[in-house]
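The values are calculated or read from the model by the stated rules, or taken from the named source; none is laboratory data. Keep in mind it's a predicted model, so treat the numbers as computed, not measured. Reconstructed Cβ throughout: ideal geometry from the backbone, glycine too, with neighbour counts over all protein chains shown. Accessible surface areas use protein heavy atoms only, side chains included; no ligands, DNA or RNA. Shrake-Rupley method; radii C 1.70, N 1.55, O 1.52, S 1.80 Å.
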Amino acid sequence: MSTLSRRAIIAAASSSALVGCRKKSHDGRAVARLWFCYGGNNRVVLLDLVNKFNKLQGAAVVEPVFQGDYFESLAKLRTAIAAGVPPTFSHVLGEVIPYLSTAGVLEPLDDYPGARRLDFVKQLAQHGAFENGDKHPMVALPFNRSTPIMYTRQDMMDDYRLKAPRTWDELLFAAKRLYRNESDGGLRWGFEVPIDWWFWLAMVGQAGGRVIEPDGRITLGGDAGVRALQFWQSLVHEHKVMRPPPGRDFNAWDAANTDFLAGRAGITWTSTAYLRYIEKNARFRVVTCPLPGDVRRSVPTGGTFFVMLKDVPQAEKIAAWSFLKWMCEPEQTIEWATRTGYLPVTNAAVNRLRNQGYYDKHPNDWVAYEQLDHADPWPWSTTLFRIERDIVNPRLEEAILTNRNAKDALRDAREEAGTPS
């Protein structure tokens, strides 16, 4: 049984929120229920936008309901679908879109008013974020979209006369220079990154590989996947300049961010989504840089898409669509992106920001957008999320923490995924 299935069963047993009558109207307006997954600043910004929408028009109202982190929310969503009481719409991780689409639970959006005229940034939209994404009905609209990016402490970089690493070798060199372990107990890691599939996937692409081949074979990058994992292992165990942050999932991400902000790491990789948080809380100059390459540059896109559930009343769908289309207007797209750090998802929003000089004042934001030139699309695979969550992530953690042979770890992962070596 997969992790997702176990969580779905637990959610079904414990959540009374999944049952009960649907609210049909609010002051005469159709009600669309939105499930969302944020805390902190991102939650504040989303709720501000929802409140603004609800005040601006009289035909629909959106009721947002917090459902935990991405993984908790997805488990609850699957349970709600099975129980016949899904929300009107939600946002879900991109990796799960092919599975939900193939299962037939998502509403096709192509024929909704104005849908075909939405001018999304290609790499962030369904048709560009997935291989052959345009050959499937449009079931997902880009929302909080991101890429991994490199954050540097510019004061430290200047002290050691270091430039932004452009290759893995240069990253190792910089990490060695920045590492410090003083006799008085002061410890600074040269580099820190969460041990997570997303960052490993970036390195697989940088080493020239792909996790799923065009013919559907799950190779996990082959030699490139091994090389990526071995490079991580060398930073931790051989050169001892990288700390694997403690915890799993976003707890590890938070630990890496905390170490970077506290001066315990000179360079970190994390999501563009944390850009505003890091800039606001850093007591030093933060400079973002594209991820370094090996044989080439490569980054995956990340974050979530809005999806509408198929088996909900039509009035709710119309209400939800009015909100989704409104969110894609430049004003809302810009407010969301500039207040959080997520990437603006429409070309109109990007052009307006550029013409208004926003990127001149916020060059870190432009680095995030420009890095999309090296974005690799996800495979349209129904098993993608299971491979990530249940098969690869645990083995990455094991291999890094115990220094297990990288070839053996990924061979076992391929065999579990159904592609024996």
Task: Top-ranked residue in region 216-249 [being part of a helix (DSSP H, G or I) and more than 17 Å from Val392 (Cβ to Cβ); ranked as most open to solvent (accessible area, probe 1.4 Å)] - done: Glu238
Task: Answer residue from region 145-155, given it is buried (at least 21 other Cβ atoms within 10 Å of the Cβ) and closer than 21 Å to Thr258 by Cβ and is farthest from the chain's Cα centre (by Cα) among those - done: Arg153
TODO: Would you be able to say whether some residue in region 184-204 is basic (Lys, Arg), part of a helix (DSSP H, G or I) and closer than 20 Å to Ala256 by Cβ?
DONE: no
Task: Residues of region 327-369 that turn out to be of a type in the set (Phe, Trp, Tyr) and either open to solvent by less than 30 Å² (accessible area, probe 1.4 Å) or not in a helix (DSSP H, G or I) (or both), as a count - done: 3
Task: Cross-chain or 6+ apart pairs with Cβ under 9 Å, region 324-349 first and of a type in the set (Asp, Glu), then part of a helix (DSSP H, G or I) and open to solvent by less than 30 Å² (accessible area, probe 1.4 Å) - done: Glu329/Ala349; Glu331/Ala349; Glu335/Val45; Glu335/Leu49
Task: Residues being open to solvent by less than 20 Å² (accessible area, probe 1.4 Å) and either in a helix (DSSP H, G or I) or of a type in the set (Asp, Glu) (or both) - total across region 374-385 - done: 2
Task: Residues of region 73-121 classified as under 18 Å from Phe323 (Cβ atoms), part of a helix (DSSP H, G or I) and open to solvent by 10 Å² or more (accessible area, probe 1.4 Å), total - done: 1
TODO: Check whether at least one residue in region 309-317 is under 19 Å from Ala125 (Cβ atoms), among the hydrophobic types (A, V, I, L, M, F, W, C), open to solvent by less than 50 Å² (accessible area, probe 1.4 Å) and touching a Leu at 6+ places or on another chain (Cβ under 9 Å), and report yes or no.
DONE: no
- [ ] Among the residues of region 25-72, count how many are on the phi > 0 side of the Ramachandran plot and touching a residue at least 60 places away in the same chain (Cβ under 8 Å).
- [x] 1
- [ ] Starting from region 386-414, keep only residues that are closer than 21 Å to Asp249 by Cβ and open to solvent by less than 60 Å² (accessible area, probe 1.4 Å), then list their pairs with residues that are at pLDDT below 95 and hydroxyl-bearing (Ser, Thr, Tyr) whose Cβ atoms are within a distance under 7 Å, requiring at least 6 positions of separation or different chains.
- [x] Arg389/Thr3; Asp390/Ser2; Asp390/Thr3
Task: Sole residue being buried (at least 23 other Cβ atoms within 10 Å of the Cβ), under 21 Å from Ala174 (Cα atoms) and under 15 Å from the mean Cα position of the chain (by Cα), chosen from Thr270, Thr304 - done: Thr270
TODO: Find the residue count for region 54-68, including only residues that are under 20 Å from the mean Cα position of the chain (by Cα) and either loosely packed, with under 13 Cβ neighbours inside 10 Å or in a strand (DSSP E or B) (or both).
DONE: 1
